[in-house]
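So the structure is just underneath, and the comments pick up after that.
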Amino acid sequence: MQNNQPEIAIETKNLFIFYGSFAAVSEVNIKIEKQKVTAIIGPSGCGKSTLLRAFNRMNDFVPSSYVTGEILLQGQNLYSKNIDPVEVRRKIGMVFQKPNPFPKSIYENISWGAKINGFKGNMDELVEQSLRGAALWDEVKDKLKKSAYELSGGQQQRLCIARTIAIQPEIILMDEPASALDPISTLRIEELMQELKQNYTIIIVTHNMQQAARVSDYTAMMMLEKDGSRSGTVIEFSETKRIFTNPKDKRTEDYVTGRFG
Amino acid sequence: MNHSHYPKDDSFRVSLNGRYRIANLWQGLFFSALVIAILSLVALLYNVVDGAFGYVAYEYKHAPSEFTAKPLDQLNKQELLELLKTNLSSGAYKKLDNDKPMGERSKSVLVTLVLERLFQIDTKQTWSMTDSILHSNDIKAEVADKYPKAILEFRSWLTPVFLTTPMSSKAEFAGVRTAILGSLWMVGIAILFALPIGTGAAIYLQEYADKNFINRIIQTNINNLAGVPSIVYGMLGLAIFVRTFEGFTSGSMFGVTDSNGRTVLSAGLTMGTLVLPLIIINAQEAIKAVPDSLRQAAFGVGATRWQTVWHHVLPNALPGILTGSILAVSRAIGETAPLIVVGASTFISVDPSGPFSKFTALPIQIYQWTTRAQSEFHSIAASAIIVLLILLLTLNATAVLLRNRVQRKY
């Protein structure tokens, strides 16, 4: 019976995200299962990225932003006073929309995060492991000292994933990680996500519904509230199969079948 | 539907021609603006160069034949030394030897000494480069008529000796070494003072400060400070560095006794304050140019604000910060007004030897020479201007090179 109980990686309780007095995201209650891929989909401007960035407190850098409610990581509220956002980001890594490697060597791109977080082990080993984990090792093993900018866009994005798994986070957030890439690079990232979920919990924001259907186990459908407040919320959250074949909400059905807007 | 409201083929072409005429008119205006700008630059350069070269008519108070049979440029160093020793009074020779042992002086310095002390050159008149070239015969006739004993010579006032000799009361023997060294000491101190403070302030404003009312006021005031007339900075420097902190700037705090607050240190600090707003603004621009994605990448792997700034923002902004600072230095090196207020010496022949030295600077020297009545001083002023311009161009070229070498990586 214990085995059937899904293990929860992170959950939100009555979460609101504000920019000044404007609630960009309101009343989100979702439980994200461990070692699964959870996709957040929805139309532009409905707060998908805002919600994703709330998970590792990246919204802290937006002046006047704040949250109410809770995000619980192993029962600990990430927004309680005694939690340091740097520690949160150490545990919850992030891959961004546009590949953003550091203007340093491939090796340093991986080792820097480890170094500043006090990694004491064998750095060469960690770099190799992380690059293998991101399915990039074979392509770059002979040019680790070369600048990361010499890589193609897709390789750069996998380098960013390698950089993220090098600090061994519990959760990886991906904000439209393939939207700036060509179809072949996109495919490689999607395959990579399937491998990564054996060790990590992945939350991905995507505009591409086929991608959500292909890669995710669970899907959260976001939409602006009907009351005209321009505030986004999760209107439906369940297994991806169900969202795409038998949604409960009419708006979800309209959106996934392409009848929306 | 509204199709008919637009002009038809022929009338459209007519109106199009009208549009082209206006466009050409404006293009012509912009081009003439450029031509005017280039002409004024050329005029400036011509004016400077015109003064630095040309005919000079001079006489010897004592004919060279009174001292030596051979022409001066054929004497070797030993003969020159002998010449000086036998003809100068022993007191005068000893004094020169005390300043710097005669044997260690170069040949050209000895030649200058012979000309100055023994032959005693007396410049009668100088001519500009244009006059010298265009009216060469008139000048020769005039000299033969007015100064029968005089020697007429086409010379460049800008010589290696001019660069390496200190100030002298006679234009023929004056140089800009003291002024160049003074200028270098001054900008050196200014940059040591302003670069760390300016960069620090820029980092704080860009990376740490909230965008609130007070910080906006601070930002606006920094922009305004960059436009404050330099004489005002001179007054500030006089009041604060020369007077209030005299104990520090004169060096009496450190046991230096032969100086007041009017030192190269005061001048450097004043120039530092003057360029501080420029450096802050330039550094802010350079920091702003570092893309946010880089900061996010650093924060994303669990970096603190300081680690992000130190490892990513600063290294990537550094070329921009340095370029801006070099441009700020080239502004400082040409400033005159604050130096007059702070108290640069107008006549000084001793090189600045440390931060507590009295000093002069190139612009001060130029200003002082141009106010003299004798035309030979105007010629060396023109030469000093060329030196200053070359110094400025070198600095600006360094800045451009630095900017081009570091290509945008992101």
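The values are calculated or read from the model by the stated rules, or taken from the named source; none is laboratory data. Fair warning: this is a prediction, and the values are worked out from it, not measured in the lab. With ideal geometry, Cβ positions are generated from the backbone for all residues, glycine too; neighbour counts draw on all protein chains shown. Remember, those area values only see protein heavy atoms, side chains included, never the ligands or the DNA or RNA. Shrake-Rupley method; radii C 1.70, N 1.55, O 1.52, S 1.80 Å.
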Counted residues, the range B:91-104 - those being out of contact with any Lys or Arg (no Cβ under 9 Å at 6 or more places or on another chain) and under 23 Å from residue B:73 (Cβ atoms): 2
Residue within the range B:60-70 that is in a helix (DSSP H, G or I) and surrounded by 10 or more Cβ atoms within 10 Å (Cβ to Cβ) present: yes
Tally of residues being out of contact with any Gly (no Cβ under 9 Å at 6 or more places or on another chain), within 14 Å of another protein chain (Cβ to nearest Cβ) and aliphatic (A, V, I, L, M) across the range A:107-126: 2
Wholly enclosed strands (runs of 3 or more DSSP E) of the range A:1-83 bearing at least 3 residues of a type outside the set (Val, Ile, Thr) and open to solvent by less than 60 Å² (accessible area, probe 1.4 Å): A:8-19, A:22-28, A:65-73
Test result for residue B:286, touching a residue at least 24 places away in the same chain (Cβ under 8 Å), small (Gly, Ala, Ser) and open to solvent by 10 Å² or more (accessible area, probe 1.4 Å): yes
Subset of the range B:143-172 (residues that are in contact with a strand residue (DSSP E or B) (Cβ under 8 Å, 6 or more places away or on another chain), buried (at least 19 other Cβ atoms within 10 Å of the Cβ) and at pLDDT below 85): B:171
Residue list for the range A:189-227, filter: within 23 Å of residue A:170 (Cα to Cα) and open to solvent by 60 Å² or more (accessible area, probe 1.4 Å): A:191, A:194, A:195, A:198, A:199, A:214
Matching entry among B:213, B:193 (being in contact with a Gly (Cβ under 9 Å, 6 or more places away or on another chain), open to solvent by 30 Å² or more (accessible area, probe 1.4 Å), on the phi < 0 side of the Ramachandran plot and among the aromatic types (Phe, Trp, Tyr)): B:193
Residue under evaluation residue A:159, criteria (1) over 27 Å from residue A:237 (Cα atoms); (2) open to solvent by 10 Å² or more (accessible area, probe 1.4 Å), criterion not met: (2)
Boolean, residue B:333 is in the same structural domain as residue B:254 (by TED's automatic domain parsing) and surrounded by 24 or more Cβ atoms within 10 Å (Cβ to Cβ): no
Residue under evaluation residue A:99, criteria (1) within 11 Å of another protein chain (Cβ to nearest Cβ); (2) open to solvent by 60 Å² or more (accessible area, probe 1.4 Å), criterion not met: (2)
Any hit, the range A:43-64, residues being free of Cβ contacts under 8 Å to residues at least 12 places away in the same chain and within 14 Å of chain B (Cβ to nearest Cβ): yes
The lone exception for residue B:338 - which of (1) surrounded by 15 or more Cβ atoms within 10 Å (Cβ to Cβ); (2) farther than 29 Å from residue B:45 by Cα it fails: (2)
Helices (runs of 4 or more DSSP H) lying entirely in the range B:231-326 (those with 3 or more residues that are more than 14 Å from chain A (Cβ to nearest Cβ)): B:246-249, B:264-288
Counted residues, the range A:127-150 - those being away from chain B (no Cβ under 14 Å) and open to solvent by 10 Å² or more (accessible area, probe 1.4 Å): 13
Every residue from the range B:237-283 that is hydrophobic (A, V, I, L, M, F, W, C), under 13 Å from residue B:191 (Cα atoms) and open to solvent by 10 Å² or more (accessible area, probe 1.4 Å): B:265, B:269, B:276, B:278, B:280
2 or more residues within 29 Å of the chain's Cα centre (by Cα) and in contact (Cβ under 8 Å) with a residue 60 or more places away in the chain: qualifying helices (runs of 4 or more DSSP H) within the range B:75-189: B:129-134, B:160-164
